[in-house]
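Visitor: Pasting a structure below so you can have a look.
The values are calculated or read from the model by the stated rules, or taken from the named source; none is laboratory data. What you see is a predicted model; the values in this text were computed from it and never measured. Here the Cβ is made from the backbone with ideal geometry for all residues, glycine too, and neighbour counts use every protein chain on show.
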Amino acid sequence: MSIKTLPPKPKNLFPVWLSVALAMLWLIIWDLGVDFKDLLYGVEDMTEYFSRYGAPNFSNMSSYLYLMVQTLVTAFWGTVLAFIMAATIAPYAARPLTPNAVAYRVAKELLNFMRAMPDLLLALIFVSSMGLGPLPGVLALSVHTAGFLGKFFAENMERVPAGKYEALSAVGAGFTQKIVFAAWPSMLREAVGNTLYIFDRNVRMAAVLGLVGAGGIGLELHDALRLFKYNQASALIIIILITIVVIDNLSSWIRKVLN
Amino acid sequence: MAYISLREVCKVYPNGYCALKNINLDIEAGQFIAVLGPSGAGKSTLLRAMNALDPATQGEITIDGVTLNKKNYRKIRAHVGMVFQQFNLVDRLNVMTNVLVGRLAEHSWLSSLFYLFPKTDYQIAEAALREVDLLDKAWSRADKLSGGQQQRVGIARALAQQPKLILADEPIASLDPKASEEVLKLLRKICSEKGITVIVNLHQVEYAKQYADRIIALNAGWLVFDGSPEQLTAAKQAEIYGTTFEETSHEPELVLAHA
Amino acid sequence: MNPSWYWPTPNGKPPLTAVLSVVLPIAVLVLTASTVDMSYNKVFYALPRMLDFTQHLWVMPDWHYLPQLGEKMLETVEMTLLATALAVVISMPLGILAAKNASPNPWIFRMTRDLLSFIRALPELVWALVFVSALGLGPLPGIMALALVTVGFMGKFIAESIEVVDFKAVEGLESTGCTKFQSILYAMLPQAVPDFIGSLLYILDHNLRAASILGLVGAGGIGYDMVMSMRLFNYERIGMIALSIYALVTLLDRLSDVFRQKAIGGILNVH
């Protein structure tokens, strides 16, 4: 039995979605009262404004470098602590491994909660309980990114073929033994990639957390801009920029080497 | 008393599907048993009920005097080895570690956390590797071996448990004919020399007749045949599979229907 | 340690990479502990203060704040959506230019790639600081900052997707005698779409979080209220703000999961 005529063309909803999206965007622009003309008019002003950054002033180089190092170290500590927390919680949030349904729900919600809290808010809370300095930044970063890393790890663990876990059940292995001998060896590569990505992200966040007094180079930049010291600001921005670019390239390289 | 006994064993899945219907079996120690039957007959379910990977929903299974219940699964599994169709090795780990996994039931989570094993375990693992003739590959990564070799590692892992029973769930379904014969010969040798009870799921009736002391056949969850290879006449085969082996080879559609 | 326990390696000792990957980070942590004021005392003594803080959160919410909260949260969401939409539009052509196999000439390829690297390299908040300096307070600098950084990430992502496209499809198209532009449109972009959706959802999530803190520097959204209520110890508001951010982020998370499943099913067929 063959079809003699062309079956009807399936309804194409794309134009519908597109118009809905455009309508929404129009509404948003109207509601925010944002006027993009400001940008256009401001182009000349902006050009003049950006030119003020043209002469970077590196006279405080050593203190800037120290702050940058402090920022990097904050990111590193945050990432390591996050890794430890994530590695501990993640198996409970992975369906093939979790010992019971309650543990699973609790672990998942915990990770979600840690992820959802903005790191800035956490930093503010920690600063108010610990005072200024990089330590609250470290803790804020570690709690927040532990949520992300934990979710990644749990997803990786769930993606390991079920047979590997079964073989370990079949020899009588327990919870920890399944994690150590089936989950981690099978997801090591992805886990390292995830951790590098989180470290990358933490370097950026650490630079920013300084703005609330959590140490690092962010505070210095804020002050410089407040006092209109564009030369110093641009020096700081350049340092931040170079550091992030270096870290980016380093982590890409490490990932290439691992593959 | 029989080494393994199943009494009125039924397995009903949560969606209502009944995979095993009222199975009664007695198995003496040291027998080599082949389980035959069309796909979906319940062969895997039967084996997996015996080591509680898919526990039976009704009835009693007793191994070596101990009846399976929720609390003693791990204890039972410590001395019941399982060989899988997909081998279920951990690809990234070396062959030796995959074999040592068989010893995990004897150790607490603390030492397993660091991938440490006592010397006695290494001696047992070495003996197991010698038995399957893979000593030279002991330090190679598991995924660098051929299919037949990987399955032999799976058998070595089961041997490392020093089991009294080995359950082989379609061990040769993923192997070429030469590797299949190697594996079956190996299992037969282990059974005869060490007195280990071996139960193997197979699709190939010829292999079953060649290697087994006793053949059990399932169809749609029912036990439909239990006897010696000689008793498995063409007529009996027809009952099990719906047609005989000779007939199926002339009728491609029927072959496909039973595939 | 009992000497007869060994590692599963030929010499019984743990492999070098494993040892290094544990020892090196620990060494760095120990060496740098002072740089971040990491001290057991500080953390320990802070615990009662944090407990105290959480206790204070369990107060009646400031219901009068609700309308302003709603307004600011709405502003945050709108900033996110607008900035992301802008960024998507701008990053498509830039992404094509930044893809080695689709770029008209190697010079443009290199320049676009480097430009994208540059705008990615600074955190959104830094860009927001800069834009606020130039444009004044309000949501516009925030939108610009978000959009800019998103273009950086999205552009790179699109470029990479185009570069790993299956060339057989492209060849098939070129054998019909079409132009390079047409081959990009009909062979490369459609293959990059599924991954694009995934990364778009992820970027939306990231941008929502980023948007919620931009207010810190006056670039719109709930960030300003968040910081001010912390500074003034306005516990009633802090709880409300934290809760609403949590709710919003979780909502977006669930929606993305649903959307991801549907998108894989092909609801976005263009033709």
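Visitor: Can you name the condition, by its number, that C:Gly198 falls short on among (1) at pLDDT 80 or above; (2) surrounded by 18 or more Cβ atoms within 10 Å (Cβ to Cβ); (3) within 14 Å of chain A (Cβ to nearest Cβ)?
Guide: (2)
Visitor: Right, next: Could you figure out which of (1) within 9 Å of chain B (Cβ to nearest Cβ); (2) in contact (Cβ under 8 Å) with a residue 12 or more places away in the chain; (3) hydroxyl-bearing (Ser, Thr, Tyr) isn't true of A:Ser142?
Guide: A:Ser142 satisfies every listed condition except (1).
Visitor: Tell me the helices (runs of 4 or more DSSP H) entirely within region A:15-123 that contain at least 1 residues that are of a type in the set (Val, Ile, Thr) and under 30 Å from A:Asn231 (Cα atoms).
Guide: In region A:15-123, the matching helices (runs of 4 or more DSSP H) lie at A:36-51, A:61-89.
Visitor: Working carefully through the options A:Ala214, A:Ala233, A:Ala182, A:Ala207, find the one that is in contact (Cβ under 8 Å) with a residue 60 or more places away in the chain and at the interface with another protein chain (Cβ under 7 Å from one of its Cβ atoms).
Guide: A:Ala207
Visitor: Which residue is modelled with the lowest pLDDT, if the candidates are limited to region C:99-120 and must be among the aliphatic types (A, V, I, L, M) and touching an Asp or Glu at 6+ places or on another chain (Cβ under 9 Å)?
Guide: Per the criteria, the residue is C:Ala102.
Visitor: Can you tell me which residues in region B:173-185 are crowded, with 20+ Cβ neighbours inside 10 Å and either among the hydrophobic types (A, V, I, L, M, F, W, C) or over 18 Å from B:Val205 (Cβ atoms) (or both)?
Guide: Scanning region B:173-185 gives B:Leu175, B:Val183, B:Leu184.
Visitor: Mind checking which residues of region B:97-145 are more than 24 Å from B:Glu181 (Cα to Cα), free of Cβ contacts under 8 Å to residues at least 40 places away in the same chain and away from chain A (no Cβ under 14 Å)?
Guide: Hits for region B:97-145 are B:Pro118, B:Lys119, B:Thr120, B:Tyr122, B:Gln123.
Visitor: Exactly one condition in (1) farther than 19 Å from A:Glu166 by Cβ; (2) crowded, with 20+ Cβ neighbours inside 10 Å; (3) of a type in the set (S, T, N, Q) is not met by B:Ser112; state its number.
Guide: In the conditions (1) farther than 19 Å from A:Glu166 by Cβ; (2) crowded, with 20+ Cβ neighbours inside 10 Å; (3) of a type in the set (S, T, N, Q), B:Ser112 misses (1) alone.
Visitor: If I filter region C:209-232 for residues that are over 30 Å from A:Leu227 (Cα atoms) and in a helix (DSSP H, G or I), do I get at least one hit?
Guide: no
Visitor: Restricting attention to region C:15-58, and to residues there that are in contact with a helix residue (DSSP H, G or I) (Cβ under 9 Å, 6 or more places away or on another chain) and assigned to a loop (DSSP other than H, G, I, E, B), which single residue is surrounded by the fewest Cβ atoms within 10 Å (Cβ to Cβ)?
Guide: Out of the qualifying residues, it is C:Trp58.
Visitor: Among the helices (runs of 4 or more DSSP H) lying completely within region A:134-240, list those that include at least 2 residues that are over 22 Å from the mean Cα position of the chain (by Cα).
Guide: Because the criterion is at least 2 residues that are over 22 Å from the mean Cα position of the chain (by Cα), the helices (runs of 4 or more DSSP H) in region A:134-240 that meet it are A:162-170, A:175-178, A:184-209, A:217-226.
Visitor: Determine which single condition A:Gly193 fails, assuming it passes every other condition in (1) surrounded by fewer than 22 Cβ atoms within 10 Å (Cβ to Cβ); (2) away from chain B (no Cβ under 14 Å); (3) at pLDDT 90 or above.
Guide: It is condition (3) that A:Gly193 fails.
For every residue, the table says whether it meets (1) free of Cβ contacts under 8 Å to residues at least 24 places away in the same chain; (2) touching a Ser or Thr at 6+ places or on another chain (Cβ under 8 Å); (3) buried (at least 16 other Cβ atoms within 10 Å of the Cβ).
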{"residue": "B:Gly16", "(1), (2), (3)": "yes, no, no"}
{"residue": "B:Gly37", "(1), (2), (3)": "no, no, yes"}
{"residue": "B:Ala41", "(1), (2), (3)": "no, no, yes"}
{"residue": "B:Thr67", "(1), (2), (3)": "yes, no, no"}
{"residue": "B:Asn72", "(1), (2), (3)": "yes, no, no"}
{"residue": "B:Asn88", "(1), (2), (3)": "no, no, yes"}
{"residue": "B:Val95", "(1), (2), (3)": "no, yes, yes"}
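Visitor: For A:Lys151, are the conditions met, namely being within 29 Å of A:Asp248 (Cα to Cα) and within 12 Å of another protein chain (Cβ to nearest Cβ)?
Guide: yes
Visitor: Please work out which residue is surrounded by the most Cβ atoms within 10 Å (Cβ to Cβ), limiting yourself to region C:115-125 and to residues that are within 7 Å of chain A (Cβ to nearest Cβ) and part of a helix (DSSP H, G or I).
Guide: The selected residue is C:Leu125.
Visitor: Suppose we filter region C:63-114 for residues that are small (Gly, Ala, Ser), surrounded by 15 or more Cβ atoms within 10 Å (Cβ to Cβ) and in a helix (DSSP H, G or I); how many remain?
Guide: 5
Visitor: Now for a different question. Go through (1) under 24 Å from the mean Cα position of the chain (by Cα); (2) outside any helix (DSSP H, G or I) and name the single condition C:Cys178 misses.
Guide: Every listed condition holds for C:Cys178 apart from (1).
Visitor: Just to be sure I understand, how many residues within region B:48-65 are of a type in the set (A, V, I, L, M, F, W, C) and either at the interface with chain A (Cβ under 10 Å from one of its Cβ atoms) or surrounded by fewer than 18 Cβ atoms within 10 Å (Cβ to Cβ) (or both)?
Guide: 2
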